[in-house]
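Encoded as structure tokens, the structure appears first; notes follow it.
The values are calculated or read from the model by the stated rules, or taken from the named source; none is laboratory data. Please read these numbers as outputs of a predicted model, since none were measured by experiment. Methodologically, a virtual Cβ is constructed for each residue, glycine included, from the backbone with ideal geometry; neighbour enumeration extends over all protein chains shown.
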Amino acid sequence: MTKDQIKLRSMISIALFAAIIGILAQITIPLPLVPITGQTLAIGLAATILGSRNGTLAVLLYLIIGSAGVPVFAEFSAGISKLVGPTGGFLVGFIPAAFMTGFYMEKRGYTFTNALIANIIGMFITLAFGTAWLKLSADLSWTAAFASGFTPFIIVGIIKAALASWVGLVVRKRLISSKLLLSHTNANA
């Protein structure tokens, strides 16, 4: 496969996962300040399947599209105001979460245990960014910020981390075996 073909496949994968994040973001369970969404599941899938580089690029593309006004954020919302509003920290936290999730698996291997650990690390990164941002932007106490932006998401986050690990590894293996994804995803730089 030529470098141009590899680059094209990477760009298509990145765009596809940006779209998947936008689609899963519409699965929401409303809560008072921060809803439970399918976004974090999609972030875990992107990082598990695409790795640190392309998974992070998919998240960045998703955030750019949403910030530009395409309604891909939760509840079909969009705009830069979402990035600077009370839930903006969760969105921004997706960037380091995707990178660290993919990076961990690239260094440790693509096993279910490593994928689960990596996705749980990613979940905690997202929650940490989101909680800190929520505290500052909504002028909450740390206790209130943790009660609204961290605690309600731990159990469902672990479930989504397990699901992203299992589904992500199955899809990754099948994409590699069908030669639609390189086994070393960062070889396409």
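Within the range 134-164, the set of residues being without any contact (Cβ under 8 Å) to a residue 24 or more places away in the chain and buried (at least 18 other Cβ atoms within 10 Å of the Cβ) comprises LYS135, LEU140, ALA145, PHE150. Selection over the range 45-85 of residues that are farther than 23 Å from LEU134 by Cα and either outside any helix (DSSP H, G or I) or of a type in the set (Asp, Glu) (or both) gives a count of 1.
Hey, does the range 154-173 have a residue that's over 19 Å from the mean Cα position of the chain (by Cα), at pLDDT 95 or above and basic (Lys, Arg)? Checked against the condition, which is being over 19 Å from the mean Cα position of the chain (by Cα), at pLDDT 95 or above and basic (Lys, Arg), the range 154-173 yields at least one hit.
Taking the conditions (1) closer than 25 Å to GLY22 by Cβ; (2) not in a helix (DSSP H, G or I) in turn, THR126 satisfies each one other than (2). The set of residues in the range 74-133 that are among the hydroxyl-bearing types (Ser, Thr, Tyr), closer than 18 Å to THR151 by Cβ and free of Cβ contacts under 8 Å to residues at least 60 places away in the same chain comprises THR87, THR131. Within the range 33-50, at least one residue is under 14 Å from the mean Cα position of the chain (by Cα), at pLDDT 95 or above, over 27 Å from THR151 (Cβ atoms) and surrounded by 15 or more Cβ atoms within 10 Å (Cβ to Cβ).
Of all residue pairs spaced 6 or more apart or on separate chains, those with beta-carbon atoms under 6 Å, a first member in the range 26-41 that is over 18 Å from ILE95 (Cα atoms) and a second member that is assigned to a loop (DSSP other than H, G, I, E, B) and of a type in the set (Val, Ile, Thr) are VAL34/THR87.
Restricting attention to the range 139-177, which residues are outside any helix (DSSP H, G or I) and either in contact with a Leu (Cβ under 9 Å, 6 or more places away or on another chain) or closer than 17 Å to GLY44 by Cα (or both)? Scanning the range 139-177 gives LEU140, PHE150. The single residue among TYR110, TYR104 that is of a type in the set (Ser, Thr, Tyr), assigned to a loop (DSSP other than H, G, I, E, B) and under 21 Å from LEU57 (Cβ atoms) turns out to be TYR110. GLY66 passes every criterion in (1) surrounded by fewer than 16 Cβ atoms within 10 Å (Cβ to Cβ); (2) of a type outside the set (Asp, Glu); (3) touching a strand residue (DSSP E or B) at 6+ places or on another chain (Cβ under 9 Å); (4) touching a residue at least 40 places away in the same chain (Cβ under 8 Å) apart from (1).
Do we find a residue being under 26 Å from ILE29 (Cα atoms) and modelled with pLDDT of 95 or more anywhere in the range 105-115? Yes. For the range 61-82, the set of residues classified as of a type outside the set (Ser, Thr, Tyr) and over 19 Å from GLY38 (Cβ atoms) consists of ILE64, ALA68, GLY69, GLY79, ILE80, listed by residue number.
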